[in-house]
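FYI, it's all coordinate maths here, none of it is from the lab. Computed from a predicted model, the values in this text were never measured in an experiment. FYI the Cβ positions are ideal-geometry reconstructions off the backbone, even for glycines, and counts take in every protein chain you see.
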Amino acid sequence: MDKLIITGKNKLKGSVSIHGAKNSALPILVASLLNQNDLILKNIPEVDDINNMLKLLKNYGAKIIKNKNSLKINNKSIKNISADYDIVRKMRASILILGPLLSRFGYAKISLPGGCAIGTRPIDIHLNGLSKLGINFEIQNGFVIGKVKNDIKGNKINLPFPSVGATENIMMSSVLAKGETLILNAAKEPEIEDLGNCLIAMGAKISGHGKNKIFIQGVQSLKSTNYEIISDRIVAGTFIILAIMLNSTFEVKKFNPKHILSLTNTLKKMGANFSISENSIKIRSSKNLKSCNVITGPYPNFPTDLQAQMMALMSVVNGISNIKETVFENRFMHVPELNRLGANIILNKDNAVIEGNRVFKGAQVMASDLRASVSLILAALCAEGKTTINRVYHLDRGYERIEKILGKLGPKIKRVKT
Ligand code: UD1
């Protein structure tokens, strides 16, 4: 498994343009299963989760042509096979194909995703929501098997929690359903808005996406379209936090700063010096950054996907900070590794207390999940001396060529294949 070797204390210089959002691209690629015509997508990130999704869709018979700046996908002649554990295990987002396959074939068989490093991650909200549309589910030998009773019929679905994946699965299943669907307590993430906008471009009738009430009027079929995916707000946030940690003058470009208001508001309270324009943020050197308290939550609250990176920053500012993680259980695996690098973070269930003014020092560490891996990179880039981050394959799931991009911006970072 690859390692990253990082020599810290080199500032960021210049600017970075943010690539497409993996968490938008994944459901949008899945949504193409609903369409018998071509879908041409721009700004698809080149990350492993997307490559795995493309493999999964190819197994179903999707015709995919990649060009330099776009990807064309056609699902006219797909076949209905079962999605096995090997692929679903690698990428939980595979569960999103459940709704579109049921919509296309009236039957779907998908391996249960099982737990993962950041918690048990059940799919009860997906299944209960889809059941309300007239689908029966049973679990057999580790597979979830869905059968449409008569037709998929629109209904009112009140989610017990605004799950991102469940909202997407229900939205996609309702697009070709008979009648109207109303999703209440829907997730409001920008990626949900993006999925809704892409489906509308394909001819779906959807309103309220990006708000907590989504209304979908079923249509008979979808049409060919071109669509450009939004840029990745989590990757943008990661670079912003890093520039602040390295006290650099740096610009993060080509993304929508409105998508990370909870982060920029927190950074302002901490005393960070930056200016926001329509599609970029310029960071300047800041003095005496202060501690703060963060509670993660569904959008527009602070994203759980930036929690680990924020913790690395909190370790080097003045004072004691707190983080409460409310979205995932067990999403603190980066804590012992950040502590190995010199942080002093104390955990109590879903709360972390982070002592500030720590000096990171290079060490050997182990990456555990996608965002945990990147928080270790941030700490290592600020550390005195050399850090080796082992098991970095998680990183490739969501960050495009990170060592190549960072390497061009000032930091010293290299990948070693083992
Ligand atoms: C998506 C994102 C992920 C992000 C997360 C929360 C993608 C591909 N992934 O994941 O990066 O961290 O949103 O913003 O978009 N839950 C249940 N039952 C369910 C579904 C979810 O109990 O049926 C729980 C989960 O275990 C978790 C919480 O709800 O504790 C949030 O999950 P959810 O919003 O569904 O996240 P994902 O869609 O898996």
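Just checking the listed ones, P300, P190, P160: in the Gaussian network model of the chain with Cα springs under 10 Å, the one fluctuating most is P160.
Size descriptors for the chain (Cα atoms only): Rg and Dmax, in that order, 21.5, 64 Å. Net charge dipole, the range 134-194: roughly 400 debye, given to the nearest 20, about the Cα centre with Cβ charges of +1 for Lys and Arg and -1 for Asp and Glu.
Against the main long axis of the alpha-carbon atoms of the chain, helix 48-59 sits at an angle near 20°. The separation of the range 81-108 from the range 49-74, counted between C-alpha centres, amounts to 15 Å. For the chain, adding -39500 (n - 2.57) for each run of n ≥ 4 DSSP H residues and dividing by the number of residues yields -8500 deg cm²/dmol at 222 nm.
Basic side chains Lys and Arg get +1 at the Cβ, acidic Asp and Glu get -1 at the Cβ, and with that the dipole of the chain about its Cα centre reaches some 840 debye. A simple count of charges around E46, restricted to other residues whose Cβ falls under 15 Å of its Cβ and scoring Lys, Arg +1 and Asp, Glu -1, yields +2. Note on the range 22-228: percent of Cα-Cα distances in each 5 Å bin, starting at 0 and stopping at the bin with the largest distance, equals 1, 8, 17, 22, 23, 17, 10, 2, 0.
Summing Cβ point charges (Lys, Arg +1; Asp, Glu -1) relative to the Cα centre of the range 22-228 gives a dipole of roughly 460 debye. Of all aspartates and glutamates in the structure, those lying under 20 Å Cα to Cα from K58, and not within fewer than 8 positions of it along the same chain, are D38, E46, D48, D49, D84, D86. The distance linking the range 245-259 with the range 1-22 is 13 Å (Cα centroid to Cα centroid, whole angstrom).
Can you list the lysines whose alpha carbon is less than 20 Å from that of K254, not counting same-chain residues fewer than 8 positions off? Once the sequence-local lysines are set aside, what remains near K254 is K13, K22, K42, K68, K282, K404, K408. Over the C-alpha atoms of the range 53-98, the Rg to Rh ratio, Rh being the Kirkwood estimate, stands at 1.00.
In the chain, a dipole from Cβ-located charges (positive for Lys and Arg, negative for Asp and Glu) runs towards its positive end, and of L242, Q220, N59 it is L242 whose Cα lies farthest in that direction.
Computed over all pairs of different Cα atoms, the Kirkwood value for the hydrodynamic radius of the range 16-63 is 11.4 Å. Name the residue, out of Q220, Q36, Q309, whose mean-square fluctuation peaks in a Gaussian network model built on the chain with Cα pairs under 10 Å. Residue with maximal mean-square fluctuation among Q220, Q36, Q309: Q220.
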